[in-house]
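Inspection log for the structure reproduced underneath, given as structure tokens.
The values are calculated or read from the model by the stated rules, or taken from the named source; none is laboratory data. This one's a predicted model, so the numbers in the text were calculated from it and none came from an experiment. Glycine gets a Cβ as well: all are built from the backbone with ideal geometry, and neighbour counts include every protein chain shown.
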Amino acid sequence: MKTNAARILDQQKISYTLLEYDVDPEDLAAERAAEKLGLPYAQVFKTLVVRGDRHGVCLAVIPASAELDLKALAKVTGDRKVDTVPLKEVQPLTGYIRGGVTALACKKPYPVYLDDSAMALEQITVSAGKRGRMLQLSPADYLKVVDAKLGPIQK
């Protein structure tokens, strides 16, 4: 079953692999997804919804086990201060629920910031827009399709 995110990759003729795993709604950590897929944490990326004081909402995409460096992200976005949005705002802003947020086929085309560690990998794995579904593709293709900017945004 394809997701809207996968359909966008199809439209752009971008090569990807759709991966599936069993979801535990009590543990939506990106590390769990990596473990269930048998992938290293550094290859699985989570998408966080963030709001800056000058430029508003953006998406930060960082490795599963990493913590977002808010100061570094603010520097990359041109904001003085950024913070993650409250969980109750995630779905209204993106159209996705926690554990299924992706920059692909988001409700609005928010600016996307990808941690620069992704470029050292052959493939990265990101949410396909639904819990239990992930897309594996080259970081260069992901960067292009979501029009992301690179930066050192993880702690």
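Side notes on the structure shown:
- Within region 70-82, one or more residues are assigned to a strand (DSSP E or B) and without any contact (Cβ under 8 Å) to a residue 40 or more places away in the chain.
- Residue within region 23-30 that is at pLDDT 95 or above and more than 15 Å from Q154 (Cβ to Cβ) present: no
- In this entry, A118 passes the filter for residues that are under 21 Å from L39 (Cα atoms) and either out of contact with any Cys (no Cβ under 9 Å at 6 or more places or on another chain) or part of a loop (DSSP other than H, G, I, E, B) (or both).
- Every residue from region 38-76 that is surrounded by 22 or more Cβ atoms within 10 Å (Cβ to Cβ) and among the basic types (K, R): K46
- Going through (1) among the β-branched types (V, I, T); (2) closer than 20 Å to L28 by Cβ; (3) surrounded by 21 or more Cβ atoms within 10 Å (Cβ to Cβ) one by one, V82 falls short only on (2).
- For region 39-69, residues that are under 19 Å from A120 (Cα atoms) and part of a strand (DSSP E or B) total 9.
- The lone criterion from (1) modelled with pLDDT under 95; (2) aliphatic (A, V, I, L, M); (3) under 18 Å from S15 (Cα atoms) left unmet by M134 is number (1).
- Within region 83-99, the only residue that satisfies the criterion of being farther than 18 Å from M134 by Cα, in contact (Cβ under 8 Å) with a residue 12 or more places away in the chain and part of a loop (DSSP other than H, G, I, E, B) is V85.
- Criterion (in a loop (DSSP other than H, G, I, E, B), surrounded by 22 or more Cβ atoms within 10 Å (Cβ to Cβ), within 12 Å of the chain's Cα centre (by Cα) and hydroxyl-bearing (S, T, Y)) met by exactly one of T102, T125: T102
- Subset of region 1-38 (residues that are touching a residue at least 12 places away in the same chain (Cβ under 8 Å), acidic (D, E) and in a strand (DSSP E or B)): E20
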